[in-house]
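Comments concern the structure below.
The values are calculated or read from the model by the stated rules, or taken from the named source; none is laboratory data. All values reported here derive from a predicted model rather than from experimental measurement. Cβ placement follows ideal geometry from the backbone for every residue including glycine, while neighbour counts extend to all protein chains displayed.
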Amino acid sequence: MEQELKEINIMPRIGDQAPDFEAVTTKGKIKFSAFAKDKWIILFSHPADFTPVCTTEMSGFAQRKAEFDALNTELIGLSIDSIHAHLAWVNNVKENTGVYFDFPIIADIDMKVSRLYGMLQPNESETAAVRAVFFIDPSKKIRLVMYYPLNVGRNMDEILRALEALQVSDANGVAMPLNWKKGDRVIVPPPKDLDEMQERIDGNYAEKIDFYLVKKDL
Ligand code: BEZ
């Protein structure tokens, strides 16, 4: 059984096209290739409805949804649960805490999507998805992947920071240093030839350690 699951569990990588699928969600049926056209997508999985860590994480996504909206990003969750369990959980959390999960949650009861995205990691659990986060750009290319185990919740600040770092990097052709956050200096890409190296040496930059580590303000 374990060997079988390992063989069919694909691990999409950074730079891959996001695998397409059709699924039932709390917001109706979707075809992923047609979902959230021209937007970034955060596709994330949680192990199970009606569990404590998952409830804190889903609530975190819901409470920060306006920040994802501001970054032109749609949220879509997933777990290996039925649509009935999803609906009951969404309603239960709303009644208990007032937090409403106002984004689609995939009911992946046949594990089809979990397997396509490497969310089912049998040495962690054979029946529950790990805590995965796929950052997918408007061309449906996978740009960043996070996998967390069942017993540790994710960090919403880091998910938003990494999303914004990807977008600012794309928009400006720069790279982001350790702990970069909005407003910080960014890294000028290292030179690819001698002319570019000389330009880094002579150029007027905000911060220069050496020709290969140059920062500028945006
Ligand atoms: C939780 O969300 O609390 C949880 C779910 C599955 C396994 C362990 C913890």
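Of note:
- Identity of the residue in segment 207-218, hydrophobic (A, V, I, L, M, F, W, C) and assigned to a loop (DSSP other than H, G, I, E, B), that ends up nearest to Gln167 (Cα to Cα): Leu218
- For Ser169, the conditions (1) under 18 Å from the mean Cα position of the chain (by Cα); (2) farther than 26 Å from Leu43 by Cβ all hold with the exception of (2).
- Residue in segment 120-140 that is more than 11 Å from the chain's Cα centre (by Cα), within 30 Å of Gly183 (Cα to Cα) and of a type in the set (Ser, Thr, Tyr) present: yes
Residue-by-condition table, conditions (1) closer than 17 Å to Phe134 by Cα; (2) within 14 Å of the ligand (Cβ to nearest atom):
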{"site": "Lys37", "(1), (2)": "yes, no"}
{"site": "Asp49", "(1), (2)": "no, yes"}
{"site": "Pro52", "(1), (2)": "no, yes"}
{"site": "Glu57", "(1), (2)": "yes, yes"}
{"site": "Ala66", "(1), (2)": "no, no"}
{"site": "Asn72", "(1), (2)": "yes, no"}
{"site": "Leu75", "(1), (2)": "yes, no"}
{"site": "His84", "(1), (2)": "no, no"}
{"site": "Val99", "(1), (2)": "no, no"}
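- Residues being touching a strand residue (DSSP E or B) at 6+ places or on another chain (Cβ under 6 Å), in contact (Cβ under 8 Å) with a residue 40 or more places away in the chain and not small (Gly, Ala, Ser) - total across segment 31-48: 7
- Any hit, segment 111-126, residues being surrounded by fewer than 20 Cβ atoms within 10 Å (Cβ to Cβ), under 19 Å from Thr26 (Cβ atoms) and of a type in the set (Lys, Arg): yes
- The listed residue being within 16 Å of the ligand (Cβ to nearest atom) and farther than 30 Å from Lys31 by Cβ, out of Val214, Val152, Val186: Val152
- Test: residue in segment 169-191 that is touching a Lys or Arg at 6+ places or on another chain (Cβ under 9 Å), modelled with pLDDT under 95 and of a type outside the set (D, E, K, R): yes
- Filter result for Asn91 (free of Cβ contacts under 8 Å to residues at least 12 places away in the same chain and closer than 20 Å to Ile14 by Cβ): no
- Boolean, Asn155 is among the polar types (S, T, N, Q) and either over 30 Å from Lys215 (Cβ atoms) or more than 17 Å from the chain's Cα centre (by Cα) (or both): no
- From the options Pro19, Pro47, residue that is surrounded by 15 or more Cβ atoms within 10 Å (Cβ to Cβ), modelled with pLDDT of 95 or more, touching a Cys at 6+ places or on another chain (Cβ under 9 Å) and assigned by TED's automatic domain parsing to the domain that holds Phe134: Pro47
- Helices (runs of 4 or more DSSP H) enclosed by segment 112-206 - at least 1 residues per element that are farther than 20 Å from Thr55 by Cα and touching a residue at least 24 places away in the same chain (Cβ under 8 Å): 112-116, 156-172
- Residues considered: Val99, Val90, Val53. Of these, the only one that is in contact with a Phe, Trp or Tyr (Cβ under 6 Å, 6 or more places away or on another chain) and of a type in the set (A, V, I, L, M) is Val90.
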